[in-house]
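Single-structure report; data block below.
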């Protein structure tokens, strides 16, 4: 038996054990270059969100292609990326509670990490910990730009919290962050643009207010894959956090952004009970459903009817797809699907070129 | 900093890092005893499906409470359970492809494993491998009892495949398996019973046909948590595969089976942006959504509005739930939620009594 690690390199794609998460390396690299080319012509820079792939090898590829640093969702992801040699890390989230803040301070000794804040209590706790640990922590104030999740309101509230950060020992006010997450999946381009402009006005007007109060704003961070070219071109935005663009899914493909579907789940047909039904070995524990069922890749004659926990139930018109045959699915949601797997298999010309650990898988603390 | 492993034992529940998957040990043990008490009075025995917890420590508890063996969904799960000292294992699935069949034969040397089959080709491949490896493998013929996933049709098709297995060198025909998965979540008891009776008639009549053809049928395996007491009382059924009963979720609770919700996700409030909104640190990467949003545990004043990837957006009527406070959620689907976590924290009287590795997490191959 061949193991499911680096020993697969050089083997044929269809020989590896399933379910397996594949990256079409040519398509991934086209996505990488396409995004890099956009930001080469902008004032804003790319700080890709690594929550979408949780993979240090891919984060390094993004940095080599011109990204100025990376974004993480959780402290645990940032710890993984720092251990993989990445220095400039934004945790685009509030880090709350004594244990997590203590971990954050330890991390700040070996990586140039930033966090977001949206309350004076959190600023106070971070400041006290930074002083106690003798570290200097970069902090962004999170502004609610319409997503209605975390963040202070734009304008005076953003100013007040920014002033608080700027006055806090151990902290360095680095700027503002906003995430127009309510817009990144809006299909209509005109509607998406209009909403995004409104959100960025809220964010950039907060920047201007903070600067009028004599606090320099170095960073204004926002954006996702669905809005990267709108937010990334908006004057006053300095960084964009897009992540899904690299591997993509069927949901983002609907927006017609030009990025290709590099990600798929390889599966084996394990049962062929009737002429019209086949069952493959990838279910809800290999692909997520919250954005809808995945798509069968490259086979117009086969439809994924539904997913059970460990089974994909396929409908087709005729025989074919015998037990043992391989079939691929394109996930509907890259971020949560990746989080179900421990490794990517990088494929080129039908062969496994690399096996990359998804080291941030499950690092939600 | 305290790590997230056994060092947590003895600490207060609310002190551990979040998100974290908790088991209320008293409730879990009541569920264990309730199920054991039912099967103590039946001809059929319990072979609990461990896909729901993927945890060797819990599987051993089930065996100690009278289970005759365990059920796994995948070969990879069975390997984990065998390595934890469990011997009698049913893989309630077809094992297809040369690599998996090779692994299965290696496993069969150190555990008394059973697999299901639904095609002559698979029987042939298993037989050839068993002969080559010099092992004797127990095989159940999977019968489609109405779930329309895998399995041969009841009656003549089941007989023909059973005969094939019985005649195959290296294989021992052990019986029949059927899963009434289309019925386990039917809320109406009368409807669930009627459907279940029909499914079990299909399965047991197939048993009778096989036995009339002079092939002894030792095992007839079926059932899930929603049908355990219907299927488990049906004459001719020898084993029931229920699994979710041990930890439970909100979906199974709706059936009024009497099992308590032992599972919850502990989360920390990380943002309190408005009087009516709080945000906690457990999202879709900590709790699954395919059966609906999880429920806030023990707090009628707080509603989980929706889950983002790493955030639970909560609605409430008044202040309270300040950043740093803990809140718990009851998952809507135990099996897929458990698969997002690496360990359980067993809680009794508000303290961590044990930390159990979810060793089968991600073992979908």
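No lab work stands behind these numbers, since they all come straight from the coordinates. Since the structure is predicted, the reported quantities are computational estimates derived from the model, not experimental observations. All Cβ positions, glycine included, derive from the backbone under ideal geometry; neighbour counts span all protein chains shown.
To test your reading of the geometry: what angle, between 0 and 90 degrees and rounded to tens, separates the Cα axis of helix A:120-133 from the longest principal axis of chain A?
With rounding to tens, the tilt is 90 degrees.
For the residues B:274, B:231, B:336, what sequence is obtained by ranking on other C-beta atoms within 10 Å, fewest first?
Working: B:274 11, B:231 30, B:336 24.
By the 10 Å Cβ count, ascending, the order reads B:274, B:336, B:231.
Mind jotting down a quarter of the surface of the convex hull over the alpha carbons of chain B, in square nanometres, one decimal? Write out the running numbers ahead of the final one.
Working: hull surface 74.4 nm².
For chain B, averaging the hull's shadow over all directions gives 18.6 nm².
Using 0.36 nm per residue of separation minus the Cα-Cα distance, give me the extension gain between residue B:156 and residue B:205 in nm, one decimal. Spell out each step's value before the answer.
Working: separation 49, 0.36 × 49 = 17.64 nm, distance 1.04 nm.
Length gained between residue B:156 and residue B:205: 16.6 nm.
Return the average number of partner chain Cβ atoms within 10 angstrom of each residue Cβ along peptide B:264-276.
4
Decide, for the stretch B:320-365, between rounded, prolate and oblate: order the square roots of the alpha carbon gyration tensor eigenvalues as a ≥ b ≥ c, take rounded if a/c falls under 1.5, and otherwise choose prolate if a/b is larger than b/c, else oblate. Before the final figure, lay out each step's value.
Working: a/c = 2.64, a/b = 1.57, b/c = 1.69.
Oblate.
Helix A:156-166: angle to the longest alpha-carbon principal axis of chain A, degrees 0 to 90, nearest 10?
80
How large is Rg/Rh for the stretch B:235-290, to two decimals, with Cα atoms and a Kirkwood Rh?
Numbers: Rg = 17.2 Å, Rh = 14.5 Å.
When Rh is taken as the Kirkwood radius, the ratio is 1.19.
Could you work out the Rg to Rh ratio of the stretch B:183-278, with Rh taken as the Kirkwood radius (inverse of the mean 1/r over all Cα pairs)? All intermediate terms of the calculation are to be shown ahead of the outcome.
On the way: Rg = 19.9 Å, Rh = 15.9 Å.
In the stretch B:183-278, Rg relative to Rh is 1.25.
From Cα pairs below 8 angstrom and at least 6 apart in sequence, can you work out the relative contact order of chain A, rounded to a whole percent? Please report the intermediate quantities before stating the final value.
Values: 843 pairs, mean separation 79.4, N = 365.
Computed over chain A, the figure is 22 percent.
Would you mind ranking B:179, B:252 so that the residue whose beta carbon has the fewest other beta carbons within 10 Å leads the list? Intermediate values should be presented prior to the final figure.
Values: B:179 29, B:252 23.
Arranged by neighbour count, lowest to highest, B:179, B:252 become B:252, B:179.
For residue B:57 and residue B:306, what is the calculated FRET efficiency with R₀ set at 51 Å and r taken between the beta-carbons, to the nearest 0.05?
Working: r = 33 Å, r/R0 = 0.65.
Working from the Cβ atoms, E equals 0.95.
Take the alpha-carbon centre of the stretch A:133-198, take the same for the stretch A:65-121, and report the distance between them in whole Å.
16
Do the sum for chain B: with -39,500 (n - 2.57) for every DSSP H run of n ≥ 4, divided by all residues, what is the mean residue ellipticity at 222 nm, to the nearest 500 deg cm²/dmol?
Numbers: 10 runs with 107 residues, N = 365.
-9000 deg cm²/dmol, from helical runs alone.
Between residue A:275 and residue A:214, what FRET efficiency follows from the Cβ-Cβ distance if R0 is 60 Å, with the result rounded to 0.05?
Numbers: r = 75 Å, r/R0 = 1.25.
Result of the calculation: an efficiency of 0.20.
Relative to the longest principal Cα axis of chain A, at what angle does helix A:25-40 sit, 0 to 90 degrees, rounded to 10?
30
Could you tell me, in Å, what Rg and Dmax come out for the Cα atoms of the stretch A:1-136?
Cα-based Rg and Dmax for the stretch A:1-136 come out at 18.4, 57 Å.
Restricting to the protein assembly as shown, what percent of DSSP beta bridges are antiparallel, rounded to 5? Working shown, then result.
Details: 58 of 120 bridges.
Rounded to the nearest five, the antiparallel share is 50 percent.
Can you give the Kirkwood hydrodynamic radius for the protein assembly as shown, in Å, rounded to one decimal and based on Cα pairs?
Details: mean 1/r = 0.0372 Å⁻¹.
Computed over the protein assembly as shown, the radius equals 26.9 Å.
Tell me the relative contact order for the stretch B:201-272 as a rounded percent, counting alpha carbon contacts under 8 Å between residues six or more apart.
On the way: 74 pairs, mean separation 15.6, N = 72.
That works out to 22 percent.
Could you list B:147, A:43 so that the one with the fewest beta carbons within 10 Å of its beta carbon is first and the one with the most is last? Don't skip to the answer; put the middle values down first.
Numbers: B:147 17, A:43 12.
The fewest-first ordering by Cβ neighbours comes to A:43, B:147.
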